[in-house]
């Protein structure tokens, strides 16, 4: 009884395999196992006399002609290769141009597939010039040069996103050629390249079996703090954690780790203050004194934690912040929280003008206070700087992220 069941199942599997080979998905075409069919084709052409070659070419079914491209991948003799290309030259079709391009994407360094593609390019240029001119092949120099770098040159000329480029020229997602294109592009592109192709960069990393450290390092190198792409940075945090918290970062130079950590501290600060404001420009230069940033944009309040101090910034005041000693800050913080400040029910409990000392007087006149006024206009920035350098340089700064 078992054999009676097994036979129909085996027959069904063979039928299903045949149908799949006859109607594959595009991305499956270059990877199909056509060994048996290729061996049969090669055996046929090996048995041919030269005077029978023309008849054989005409008799070969259309469905078997695509086997030429699969056969060219094998370690075949020069005579077999010559005969395969001759058959192709006599039975040119537009669909073979597209089929060859599909095969070439998975085997883009294969000299035989490149040669067959050159034959089809000439055919397309003569018979279907409009379609040919829309193809990437019309913009590449075959067989000279590296196919990947040539494609990247076309991309640079067309000034489009990588996603648009891959779609426009029918690249197969996940193919060897598209993978090499992405790998090379993200290893040498400018900061604009990362901005234009951020989604694709993230998607590409997500498809890889191992972390592309070289491309990540290039990204960290080419971008400035203000240029970083938030979506990319957040994705990196998700997959490799933070510097100091993950072994992945051991493969990345300390200077890039420092830059990344600086961005983490200042991403909310830049959004809150504005990248071109006096306040942001100042703290961007003195970020190393900042231990932590707490931002409440809906309340118009920002806290910058320094060693022993907290800067309280109120958005309504564009040119001034206030420097609290830690104990006074926490007392004001509790008062604010108790009064419902974080629910928007009260304002920050700013002390009266008499209890706030300008930082200038702390430096020039040695006046002491629990709260200092920080003015970012004119000479005020210099006094803030002098105070930070005199006070914080003698402190042990433990960075908190």
Inset, instruction - Would you please name the residue that is nearest to residue 387 (Cα to Cα), looking only at residues in region 328-360 that are in contact (Cβ under 8 Å) with a residue 40 or more places away in the chain and in a helix (DSSP H, G or I)? - result: 328
Inset, instruction - With the condition kept exactly as written, say whether any residue in region 215-231 is surrounded by 16 or more Cβ atoms within 10 Å (Cβ to Cβ) and in contact with a strand residue (DSSP E or B) (Cβ under 7 Å, 6 or more places away or on another chain). - result: no
Inset, instruction - Scan region 284-294 for residues that are farther than 19 Å from residue 346 by Cβ and part of a strand (DSSP E or B) and jot them down. - result: 292, 293
Inset, instruction - Would you check which residues across region 238-254 are touching a residue at least 12 places away in the same chain (Cβ under 8 Å), more than 28 Å from residue 180 (Cβ to Cβ) and surrounded by 13 or more Cβ atoms within 10 Å (Cβ to Cβ) and list them? - result: 242, 243
Legend entry - helices (runs of 4 or more DSSP H) enclosed by region 71-165 - at least 1 residues per element that are surrounded by 14 or more Cβ atoms within 10 Å (Cβ to Cβ), over 30 Å from the mean Cα position of the chain (by Cα) and free of Cβ contacts under 8 Å to residues at least 40 places away in the same chain: 78-90, 94-106, 111-127, 129-133
Inset, instruction - Look through region 361-379, keep the residues that are outside any strand (DSSP E or B) and in contact (Cβ under 8 Å) with a residue 40 or more places away in the chain, and return whichever of them is farthest from residue 280 (Cα to Cα). - result: 370
Legend entry - Filtered residue count, region 298-326, keeping only those that are touching a residue at least 12 places away in the same chain (Cβ under 8 Å) and not in a strand (DSSP E or B): 10
Inset, instruction - Scan region 216-256 residue by residue and report those that are in a helix (DSSP H, G or I), over 21 Å from residue 206 (Cβ atoms) and more than 18 Å from the chain's Cα centre (by Cα). - result: 250, 254, 255
Inset, instruction - Within region 295-308, identify whether any single residue is more than 30 Å from residue 227 (Cβ to Cβ), touching a helix residue (DSSP H, G or I) at 6+ places or on another chain (Cβ under 6 Å) and surrounded by fewer than 18 Cβ atoms within 10 Å (Cβ to Cβ), and answer yes or no. - result: yes
Inset, instruction - Answer with yes or no whether residue 271 is without any contact (Cβ under 8 Å) to a residue 40 or more places away in the chain, touching a strand residue (DSSP E or B) at 6+ places or on another chain (Cβ under 9 Å), in a helix (DSSP H, G or I) and surrounded by 14 or more Cβ atoms within 10 Å (Cβ to Cβ). - result: no
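Where a number appears in this text, it was derived from the coordinates with a stated rule and is not lab data. As the structure is a prediction and not an experimental result, all values here were calculated from the model. Ideal geometry is used to build each Cβ from the backbone, glycine not excepted, and the neighbour counts take in all protein chains shown.
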